[in-house]
Amino acid sequence: MTVRTRFAPSPTGYLHVGGARTALFSWLHARKHGGHFILRIEDTDLERSTPESVNAILEGMAWLGLDYDEGPFFQTRRFDRYDEVIKELLAAGQAYRCDCSKERLDALRGRQMRNKQKPRYDGRCRARDVDPEQPHVVRFRTPLEGATVIEDLVQGRVVLPNSELDDVIVRRSDGSPTYNLSVVVDDMDMEVTHVIRGDDHLNNTPRQVQILRALGKPLPVYAHVPMILGEDGARLSKRHGAVSVVQYRDAGFLPEALLNYLVRLGWSHGDDEVFTLDEMLEFFDLSDVNKAASRFDSEKLLWLNQVYIKSSAPEHVARHLSEQLGRLGIDPTTGPDPVGVALAQRERAKTVLEMAENSVYFYQDYDEMDVRAASKHLRPVALEPMALLRDRLASLGDWSAPRIHDAITGTAESLHLKLGKLAQPLRVAATGRGVSPPIDVTLELLGKERALQRIDGALAYIRARVEQG
RNA sequence: GUCCCCAUCGUCUAGCCGGCCUAGGACACCGCCCUUUCAAGGCGGCAACACGGGUUCGAAUCCCGUUGGGGACGCCA
């Protein structure tokens, strides 16, 4: 039997990191076993589902490279099918109509809570014959006796007495199906073999198992993966800032870095930390997934992102860099090849956004210099050495880092200056700040014309300082 | 409140079918080295088996309880 997994988000928001990891595990499991990965949009909640959310989810999945073989399926297009199953249950006496009012239900819940009981439907309509023409919901008739056992791939055996379950609503009074019914029908119709989802669904599983049994269908294999908590240990929410996958994209993260970070949350393979997609596929196994919830640690994500920035092909990083430059309003064709910039900056950027922000001076003249850097390094003592170096650089025929380097060290030696005494002023002149890639590389990228221009500007700055005393 | 799940360094985790663990790796943090800046890199350091009972010659590893955390309890998914 071929493996079939699915990712089934409800379109009520963006794709957050928790959902993305569930999708990743599901995708990995399908791909590893040569199976199919299905995307299904659970939009039965007409009130809260939005097309924007659907797009946000698709966008996030696409960015991460989690491609699906089937779908996206929309549950709203399958209402007829759900109704068919509900009728089947009704006809078999596995479900019944209920016309209990919200008020009665609320009162019942209140009473039960006060009595320190678990709030649940009392089954008042189980034996009543509710008029199908009058407003009503349909409830599943849960067995009163026995227990439901789930053999979960990550949670192990979970047993829940059926007395803990109440009769869930499977069809609302407006005729729409509820979650527990639609998932069951879909997973069954789509022949899903492995239901991989967050463990917040573990409590729902016995109900779904009961419905499946009532329908006489085989059970899928369940795997409830632990949740991802925010850095403060609380459930992930908007309050935690950047939890949306596309926000990480915009913040300059590489999709492979996020994927790598996510796969290591709740799963491990010995002491390994960095995995290529192929390695993930080779080593990932649901049975190695932890049971405990884990916290999201953005520091470690940042580290991994830098690992990927440093080790990926420069051309690949450069593509992301160009995008980020574009978002900063810079046209990458107005300066050095982003590949060279990526190569020069890769060791000093934890995100591509940071890399772009620190590379602006390659493409645009700086408006003003960093005050501290300028006052520290562009001092009168630097005037002569800089002027000398400027001429030497100007005479360079081959504007390459090695030649530039020779010019700088040559000048420093002839003046008996420590390299830093010359390199730092030069850096401030060239970039307007005290930090940059190695100065020879920086100058090469800048180009001869631009570099000399900026040195001239810095010389003028120093002269003005001399005059001011 | 009731039920379900969980519990190793600050964080992610290895180990968990008992002895190889004076508990390993990674992030973060601290120190040293390298160094034209910032980084990167190298080396070193700090730091945990939640607690209490058992079982056993022997427990991080098995059992029970306590505490703590998370989840579910909706005509949300």
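The values are calculated or read from the model by the stated rules, or taken from the named source; none is laboratory data. Keep in mind that this is a model prediction, so the values were computed, not measured. A quick note on method: Cβ atoms are made from the backbone with ideal geometry, for glycine too, and the neighbour counts reach across all protein chains shown.
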Legend entry - Test: residue in segment A:140-156 that is closer than 22 Å to A:Tyr222 by Cβ, within 10 Å of RNA strand B (Cβ to nearest atom) and part of a loop (DSSP other than H, G, I, E, B): yes
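Looking for whichever is of a type in the set (D, E, K, R) and outside any helix (DSSP H, G or I) here; the options are A:Asp391, A:Asp440, A:Asp456, A:Asp367. Which one fits? Talk me through it step by step, then tell me what you get.
Working: A:Asp391 fails: outside any helix (DSSP H, G or I); A:Asp440 fails: outside any helix (DSSP H, G or I); A:Asp456 fails: outside any helix (DSSP H, G or I).
The match here is A:Asp367.
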Inset, instruction - Mind telling me which of the residues A:Ala373, A:Ala412, A:Ala401, A:Ala429 ends up being among the small types (Gly, Ala, Ser) and buried (at least 21 other Cβ atoms within 10 Å of the Cβ)? - result: A:Ala429
Inset, instruction - Please work out if A:Gln117 is closer than 30 Å to A:Ala292 by Cβ, surrounded by fewer than 16 Cβ atoms within 10 Å (Cβ to Cβ), of a type in the set (S, T, N, Q) and near RNA strand B (Cβ under 9 Å from one of its atoms). - result: yes
Inset, instruction - Find all pairs meeting these conditions: Cβ atoms under 9 angstrom apart; at least six residues apart or on different chains; first residue within segment A:280-293 and on the phi < 0 side of the Ramachandran plot and touching a residue at least 60 places away in the same chain (Cβ under 8 Å); second residue among the hydroxyl-bearing types (Ser, Thr, Tyr) and surrounded by fewer than 15 Cβ atoms within 10 Å (Cβ to Cβ). - result: A:Asn290/A:Ser268
Inset, instruction - Pairs only if they're at least six apart or on different chains, beta carbon under 6 angstrom, first in segment A:63-82 and farther than 29 Å from A:Leu281 by Cβ, second of a type in the set (S, T, N, Q); list them, first residue then second. - result: A:Gln75/A:Thr44; A:Gln75/A:Ser182; A:Tyr82/A:Ser182
Legend entry - Single condition A:Asp250 does not satisfy, out of (1) without any contact (Cβ under 8 Å) to a residue 60 or more places away in the chain; (2) away from RNA strand B (no atom under 16 Å from the Cβ): (1)
Legend entry - Positions within segment A:196-227 being surrounded by fewer than 17 Cβ atoms within 10 Å (Cβ to Cβ) and either more than 30 Å from the chain's Cα centre (by Cα) or of a type in the set (Ser, Thr, Tyr) (or both), in sequence order: A:Arg213, A:Leu215, A:Gly216, A:Lys217, A:Pro218, A:Leu219
Legend entry - Residue match in segment A:190-210 (condition: part of a helix (DSSP H, G or I), away from RNA strand B (no atom under 13 Å from the Cβ) and in contact with a helix residue (DSSP H, G or I) (Cβ under 7 Å, 6 or more places away or on another chain)): no
Legend entry - Index of the failed condition, A:Gln424 passing every other in (1) within 44 Å of the chain's Cα centre (by Cα); (2) more than 10 Å from RNA strand B (Cβ to nearest atom): (2)
Legend entry - Among (1) at pLDDT 95 or above; (2) closer than 29 Å to A:Ile462 by Cα, the one test that A:Glu354 misses: (2)
Inset, instruction - Specify the residue that is farthest from the chain's Cα centre (by Cα); the eligible residues are those in segment A:272-306 that are assigned to a loop (DSSP other than H, G, I, E, B) and within 26 Å of A:Arg348 (Cα to Cα). - result: A:Asp272
